[in-house]
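Below: the structure, in structure tokens.
The values are calculated or read from the model by the stated rules, or taken from the named source; none is laboratory data. The shown structure was predicted, so the numbers you read here are calculated from the model rather than taken from an experiment. Cβ coordinates were reconstructed from backbone atoms using ideal geometry, including for glycine residues, and neighbour counts include every protein chain displayed. Ligands, DNA and RNA are stripped out before the accessible areas are found, and what is left, the full protein with its side chains, is counted by its heavy atoms. Shrake-Rupley method; radii C 1.70, N 1.55, O 1.52, S 1.80 Å.
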Amino acid sequence: MAERIEQRLEDRVPELEQLERVGLFTRREIRAVLRKASALEYKIQRRALRKEDFINYIQYEINLLELIKKRRARVGYSFKKDEIENSILHRVHCLFNRATGKWKEDLQLWLSHVAFCKQWNAKHQLSKVFSTMLAIHPNKPALWIMAAKWEMETQLSSESARHLFLRALRFHPECPKLYQEYFRMELMNAEKQRKEKKEFEKAKMDLGEFSYSEDILNGEMARIIYRDAAQKIKGVEFHLAVLSIAKLFDFTQDLQKEILESLQTKYAEDPLTWDYMARRELELGSQQSTERTTKQMKISEMTQREERCCAVFEEAVRAVPTEDMWKCFITFCLERCNRKTNSEELKQKRLERTLSVFNKAHESSLLPESLYKQWLQLLLESNLFEKATEVAEAATKHFSLSVEAWQMRLQVLIQLKSDDVTQCFEEAIKHVKSQGTVMLWTLWVEWSESTNSKEETEALYQRSLHATTPAESVTMKEKYLDWTYRNGGYKKVRRVFTSLCENRPFSLDFFKKMIQIEKEQESCKIFHLREYYERALREFGSTNSDLWLDYIKEELSHPQGKPENCGSIHWRAMKMLQGDLVEDFVSKYTLLQTGHL
């Protein structure tokens with residue numbers, strides 16, 4: 001092994017001599033490079049190889065390349081690159097090849113090699129890397145697309161890119177992304193050839209026997225790809241994706257027409273088809289085009305476009321009366337409503353249209369629950385409070401078991417300072433199952449804190465503890481403790497804490513809150529703190545090392561604390577903590593003893 005390493009170090013000598021001779025590195029720096037290279041070589045020649053050693057070696061060589069680049073720029077010397085940089089580049093490629101040969105499944109290693117080749121413009125090497133990588137990872141479409149894009153955009157070889165896409169499709173015959181990128185590539189190739197032909201004709205150059213294929217120039221290759229894909233891939237999303245690609249090229253009108261016809265024939269019942277057809281009206285523009293357009297004319301034109309869109313959507317909800325179709329219609333209206341405009345008239349029209357569509361969807365019983373919230377928000381912003389109350393009530397009738405629906409209604413009533421809040425809360429708790437009601441109880445007690453008397457709020461808190469599930473009651477216990485301290489003082493919160501400790505479960509924050517309250521008192525008693533820590537450790541002592549450390553700190557820092565207790569607390573922690581927490585506790589305890597924590 002030593003002989004092999006010595007040979008590798010000797011191979012470095014010519015490049016290092018050149019670096020010293022041309023003044024890029026000093027003799028001292030050359031020696032440092034040799035020492036580091038020797039250490040790294042020994043690591044990658046061991047019997048038990050580690051990936052990290054190869055990565056570190058590669059990174060060192062890349063850093064060396066970057067340093068040489070900066071030194072060259074500083075001294076203005078640009079010669080001897082073959083003897084210096086190329087030698088290092090060759091070594092990095094060899095290291096990458098060894099690493100990827102050993103850890104073939106590590107995709108990040110392959111991608112790092114690809115990135116390195118691109119950075120240093122190693123085109124020949126990159127072609128080999130892609131070839132080997134795709135042979136080992138043929139099941140990843142993204143890699144095929146990356147390789148094909150490089151061939152098309154960097155190597156300017158449409159034939160190689162086409163060959164890669166065809167090979168990829170043999171492995172992934174139903175991959176939409178592959179078909180989309182292949183389709184895009186063929187259109188890019190057609191556009192490139194059209195530009196070339198135009199330039200040749202402009203220069204009146206004689207091309208001899210060479211001629212451009214009209215089929216390729218007109219995008220026929222892309223049409224063949226689309227037809228083949230349409231037979232294998234089902235779903236409106238693919239057709240829309242291909243159509244959006246075709247629209248980027250100005251010579252694809254016939255192809256766009258074919259895709260659109262196929263879309264309307266095969267997926268006439270799909271909401272996304274109707275959504276696309278409606279939104280298309282926005283792009284078509286006005287029928288009459290004039291050279292001079294005033295601000296009023298622009299507003300009028302935009303109004304007409306939006307009305308045409310809505311006419312298509314109206315037809316859509318009649319043809320396909322589903323929740324998804326109404327959702328598409330409402331989403332469009334909300335988008336237009338949220339667009340900024342200086343025209344108050346247009347703004348008002350958009351608002352009225354949106355509210356009208358919401359109402360129609362609600363009357364058809366096809367308005368999704370998620371959209372009721374947006375409807376209510378719009379009504380409240382528009383100061384239509386009476387209508388908002390009606391809509392909130394209707395939402396809870398349609399979705400009587402939904403916590404979110406009741407929460408929306410309650411928030412509306414609270415915002416409007418209605419007298420029916422308490423009645424509505426009672427109704428909500430009656431309809432909704434106990435599990436998941438913690439949001440309603442939280443809202444209720446928060447409202448009661450600012451509206452009702454202390455006695456009524458306390459009764460509500462106590463009622464919530466029995467009404468929620470044990471897991472959810474934890475949240476209410478924390479809130480109850482905090483509210484009691486704010487409104488009843490220290491003695492009251494002590495009594496409440498003691499009574500709450502009778503029923504599990506608890507949260508760590510529950511105990512921490514009580515410890516914090518005790519610390520805020522003028523006469524903070526250590527035996528009370530010990531009681532709270534002991535209670536907390538009974539529940540969380542086996543899963544939380546920081547709790548033990550806080551207890552130890554308290555004994556050390558409190559005026560009435562007993563530092564001699566720290567030993568027994570440490571012993572108990574070591575016995576009680578589980579798994580890696582013991583090691584974590586020991587390291588933190590050591591830092592505490594040395595004054596670093």
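Quick look at the values:
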item	result
L351 vs. criteria touching a Cys at 6+ places or on another chain (Cβ under 8 Å) and over 30 Å from Q423 (Cα atoms)	yes
Contacts under 6 angstrom Cβ, first residue in the stretch 407-426 being within 15 Å of E449 (Cα to Cα) and among the β-branched types (V, I, T), partner in a loop (DSSP other than H, G, I, E, B) and open to solvent by less than 30 Å² (accessible area, probe 1.4 Å), 6 or more apart	none
Residue list for the stretch 557-569, restricted to those being open to solvent by 50 Å² or more (accessible area, probe 1.4 Å) and either touching a residue at least 40 places away in the same chain (Cβ under 8 Å) or part of a helix (DSSP H, G or I) (or both)	S557, P563, E564, S568
Scan of the stretch 408-451 for residues that are closer than 21 Å to S382 by Cβ and either under 38 Å from the mean Cα position of the chain (by Cα) or surrounded by 14 or more Cβ atoms within 10 Å (Cβ to Cβ) (or both), ordered by number	M408, R409, L410, Q411, V412, L413, I414, Q415, L416, S418
Options E518, E539, E554; residue that is touching a helix residue (DSSP H, G or I) at 6+ places or on another chain (Cβ under 6 Å), open to solvent by less than 70 Å² (accessible area, probe 1.4 Å) and either touching a residue at least 24 places away in the same chain (Cβ under 8 Å) or among the basic types (K, R) (or both)	E554
Pairs, first in contact (Cβ under 8 Å) with a residue 40 or more places away in the chain in the stretch 68-88, second of a type in the set (K, R) and open to solvent by 70 Å² or more (accessible area, probe 1.4 Å), C-beta under 9 Å, six or more apart	R72/K81; K80/R21
Residue within the stretch 393-400 that is surrounded by 14 or more Cβ atoms within 10 Å (Cβ to Cβ), of a type in the set (D, E) and under 24 Å from P470 (Cα atoms) present	no
Among the residues listed as I88, I68, I55, I62, the single one being farther than 27 Å from A2 by Cβ, β-branched (V, I, T) and surrounded by 11 or more Cβ atoms within 10 Å (Cβ to Cβ)	I68
Residue check, L529 open to solvent by less than 10 Å² (accessible area, probe 1.4 Å), touching a Phe, Trp or Tyr at 6+ places or on another chain (Cβ under 8 Å) and either part of a helix (DSSP H, G or I) or of a type in the set (K, R) (or both)	no
